[in-house]
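A.B. asks: To start, I am sharing the structure in question, which I have written as structure tokens.
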Amino acid sequence: MLKKITICTSLILSMGACTKDFEVINVNPNTPSSVPIDYLLGESELFIPGSSDASSKAWRINFGFAACFVQQMSSIDVTFYGGSFYNSGSNNFTSFFDYSYPNAVKSLVNVIDIAKKDAKYINVLSMARILKVMEMARLTDLYGDIPYSEAGKAFLDGNFSPKYDAQKDIYFDMLKELDEAGKAFSATAYIPKTADYIYSGDLDKWKRAANTLMLRLAMRLQKVDATSAQSWAKKAIDGGLITSNSETIAFKFDNTGAMINSNPNSWVLGPSGQNIANLNNAGVQWGKTLIDLLKTRKDPRLSVISSLRNGDKTIENQRGLPNATDAIILNTLEEKNLNNYSRPSSNLMSLATPWIYMTYAEAQLLKAEAIERGWASGSAKTAFIEGQSAGINQLSVVGSTITANDLSTYATLNAYPESGNLDNKLNAIHTELYLIHASTLNHIEAWANWRRTGYPNLNPVNYSGNETGGVIPRRLRYPLSELGINPNFKDAITRQGPDLFTTKVWWDK
């Protein structure tokens with residue numbers, strides 16, 4: 001449960017007539033000159049999911065673009081949900097970039113700057129370094145080359161035009177940060193238990209989380225630097241990964257009704273906030289590709305995450321909305337009523353539902369891939385089975401009633417291919433990951449993982465007037481404002497390629 005941090009500041013001012021008291025008299029008693037580091041850490045953690053502005057990260061990027069790119073979600077709203085049509089979507093593609101730098105990035109840079117000046121805050125420093133990697137990893141995966149090494153420091157050094165670092169350099173620095181931060185935790189130093197909304201100050205879990213995040217980033221290098229990918233993947237696995245669903249990297253909230261203190265997904269999908277999913281003509285719904293895949297595999301998650309607008313969860317009645325379906329195309333389909341298409345079920349929308357960054361299931365499935373590639377020892381089949389099971393059991397956080405028998409049946413129907421080539425095994429591993437990311441509403445990661453692996457096989461759409469020539473986008477475009485604000489923007493374009501949805505980021509070559 002989310003801990004509350006109360007900052008009580010009592011300022012007693014002695015009002016004297018002497019001019020020597022001028023500076024004291026003119027201090028605003030309601031504006032503290034310094035903020036407790038616990039408060040800064042807690043605020044920084046809440047910026048990661050975007051709890052202060054659900055529309056920027058969750059709505060526009062996670063649902064509006066990423067979920068639709070990989071056909072986990074769809075919408076008939078051409079203007080807002082550009083991901084379903086491969087278009088700009090009213091420039092919504094800039095919102096993660098625009099929100100992250102003045103909030104999460106700046107806040108974390110501040111915490112790191114304060115914490116590194118006092119040895120007693122080594123645990124705060126290590127947490128902040130890991131959190132910064134979590135934020136920067138999503139930023140660079142979305143946009144490619146980004147301000148990194150100089151980002152968020154303008155209030156410290158006056159540099160308002162940070163350079164754009166190459167994604168290759170960013171990735172290797174993030175891996176270094178995870179390695180160093182994970183090793184630096186100290187049980188004898190101050191532990192910010194109430195300010196930590198992930199593990200409540202459990203340092204051993206933080207160490208394993210750092211290694212687990214390291215594994216994800218290491219696997220992202222697979223196509224461009226297999227040697228480094230192997231080295232870092234082995235280091236991560238040997239160092240120890242998170243050990244169960246209870247250690248899934250997730251932010252916990254209280255059900256207070258305040259946006260800053262609740263899961264941002266609930267404010268997007270309804271009914272607590274903007275109620276987007278329940279609008280007749282502008283909502284986001286489950287995509288046909290996802291629903292058909294769940295049905296084909298007889299996946300028990302379907303009855304947990306999906307329902308019609310009237311609450312009907314009957315598996316036979318679930319129907320995904322095809323991507324690139326606008327209001328006109330909808331009227332040409334056999335089913336013309338949006339109410340009869342599946343949408344995220346109400347149990348996914350609780351304000352207090354943990355916001356998941358990376359699951360234990362993902363860690364096990366990536367470990368299975370590393371083993372199959374010869375980068376780690378152990379049984380890939382065992383890791384796959386554990387990841388498959390954990391992925392389904394992960395839904396217990398939203399009140400899942402999936403039974404052990406349901407899970408056993410699913411595992412039998414979708415068993416690991418012990419024989420066959422690597423492609424068949426990778427398809428099995430990453431199809432499971434695709435379903436896990438969908439059911440935990442982690443669509444940004446689903447898109448990143450699909451770009452790296454190509455699994456599952458997705459058939460792109462070719463909506464009239466789309467901006468990619470009918471291919472699934474490989475990155476988001478930068479905010480147009482960057483061209484006029486930051487002259488270093490041009491360096492990124494020169495190095496990375498045209499600022500288009502089709503330009504691949506470094507690890508996606």
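The values are calculated or read from the model by the stated rules, or taken from the named source; none is laboratory data. Note that the coordinates shown come from a computational prediction; the quantities given were computed from them, not determined experimentally. Cβ sites come from the backbone with ideal geometry, for glycine too, and all protein chains shown count toward neighbours. With ligands, DNA and RNA removed, areas are computed over all heavy atoms of the protein, side chains included. Shrake-Rupley method; radii C 1.70, N 1.55, O 1.52, S 1.80 Å.
A.B. asks: Please state, to two decimals, what the Cα-based radius of gyration of the stretch 139-254 comes to when divided by 2.2 N^0.38 Å (N = residues).
C.D. replies: My calculation over the Cα atoms of the stretch 139-254 gives 1.20.
A.B. asks: Could you work out the relative contact order of the chain? I mean the mean sequence separation of Cα pairs under 8 Å and 6+ apart, divided by the number of residues, in percent.
C.D. replies: 20
A.B. asks: State the answer as a single residue: which of Ser56, Leu308, Leu458 lies farthest towards the positive end of the charge dipole of the chain, with beta carbon charges of +1 for Lys and Arg and -1 for Asp and Glu, about the Cα centre.
C.D. replies: Of the listed residues, the answer is Leu458.
A.B. asks: Calculated from DSSP H runs of 4 or more alone, at -39500 (n - 2.57) each and per residue, what is the 222 nm mean residue ellipticity of the chain, nearest 500?
C.D. replies: Taking each H run of at least 4 residues, the total per residue is -12000 deg cm²/dmol.
A.B. asks: Taking only Cα atoms, what is the 0 to 90° angle, nearest 10, from helix 443-453's long axis to the longest principal axis of the chain?
C.D. replies: Value to nearest ten degrees: 60.
A.B. asks: Taking 22 Å as R0, compute the FRET efficiency from the Cβ-Cβ separation of Lys336 and Asn424 and round it to 0.05.
C.D. replies: With a Förster radius of 22 Å, E is 0.05.
A.B. asks: Another question, if that's okay. What is the extension gain from Ala327 to Asp173, computed as 0.36 nm multiplied by their sequence separation minus the C-alpha to C-alpha distance, in nm to one decimal?
C.D. replies: Between Ala327 and Asp173, full extension yields 50.8 nm more.
A.B. asks: Also, I was wondering about something else. With all protein chains present, calculate the accessible area of Tyr463 using a 1.4 Å probe and round the result to the nearest 10 Å².
C.D. replies: Ignoring ligands and nucleic acids, Tyr463 comes out at about 40 Å².
A.B. asks: For the chain, report the convex hull volume of the alpha-carbon atoms normalised per residue, in Å³, without decimals.
C.D. replies: 160
A.B. asks: Using protein chains only and a probe of 1.4 angstrom, how many square angstrom of Thr243 are accessible, to the nearest 10?
C.D. replies: Accessible area of Thr243: about 80 Å².
A.B. asks: Starting from 0.36 nm per residue, how many nanometres of slack lie between Ala154 and Thr382 once their C-alpha separation is accounted for?
C.D. replies: 77.2 nm
A.B. asks: At 1.4 Å probe size, with every protein chain present, just tell me what the per residue accessible area of the chain comes to in Å².
C.D. replies: Here the residues of the chain average 39 Å² of exposed surface.
A.B. asks: Extent of the stretch 414-465 along each principal axis, from alpha carbon coordinates, in Å, largest to smallest?
C.D. replies: Here the spans come out as 44, 24, 19 Å, largest first.
A.B. asks: 5 Å is the cut-off here: which amide hydrogens, built 1.01 Å from N in the peptide plane, fall below it relative to Ser306, excluding neighbours closer than 5 in sequence?
C.D. replies: Result for Ser306 returns Ser345.
A.B. asks: For Ser228 and Ile260 in one chain, what is 0.36 nm times their gap in residues minus the Cα-Cα distance, to one decimal in nm?
C.D. replies: Fully extending the segment from Ser228 to Ile260 adds 7.6 nm.
A.B. asks: Here's another thing I want to ask about it. Taking Rh as the Kirkwood radius, which is the inverse of the mean 1/r over Cα pairs, what is the Rg/Rh value for the stretch 389-509?
C.D. replies: 1.10
A.B. asks: I'd like to compare 476-482, 127-133, 223-229, 107-113: which one has the highest average count of other Cβ atoms within 10 Å, and what's the full order after that?
C.D. replies: Result, highest mean first: 127-133, 107-113, 476-482, 223-229.
A.B. asks: In addition: For a protection proxy built on the mean count of beta-carbon atoms within 10 angstrom, sort 41-52, 71-82 highest first, please.
C.D. replies: Result, highest mean first: 71-82, 41-52.
A.B. asks: Heavy atoms only, probe 1.4 Å: what % of the accessible area of the stretch 167-241 goes to carbon and sulfur, would you let me know?
C.D. replies: 45
A.B. asks: Okay, moving on. Within the stretch 36-133, what whole-number % of the accessible surface is contributed by carbon and sulfur, with the 1.4 Å probe and all protein chains included in the calculation?
C.D. replies: 51
A.B. asks: May I ask you to order 317-323, 157-163 by the average number of other C-beta atoms within 10 Å around their residues, highest value first?
C.D. replies: Going from most to least packed, we get 317-323, 157-163.
A.B. asks: So, in nm, how far is label Asn414 from label Lys509 when the simple model puts each one 7 Å beyond its Cα toward the Cβ?
C.D. replies: It works out to 3.4 nm between the two label points.
A.B. asks: Placing one identical point scatterer on every Cα of the stretch 73-223 and ignoring solvent, what is log10 I(q)/I(0) from the Debye formula at q = 0.18, 0.20, 0.21 Å⁻¹?
C.D. replies: Log10 I(q)/I(0), no solvent term: -1.11, -1.25, -1.31.
A.B. asks: Placing unit charges on C-beta atoms (Lys and Arg positive, Asp and Glu negative, everything else neutral), compute the dipole magnitude of the chain about its Cα centre in debye, rounded to 20.
C.D. replies: The calculation lands at about 460 debye.
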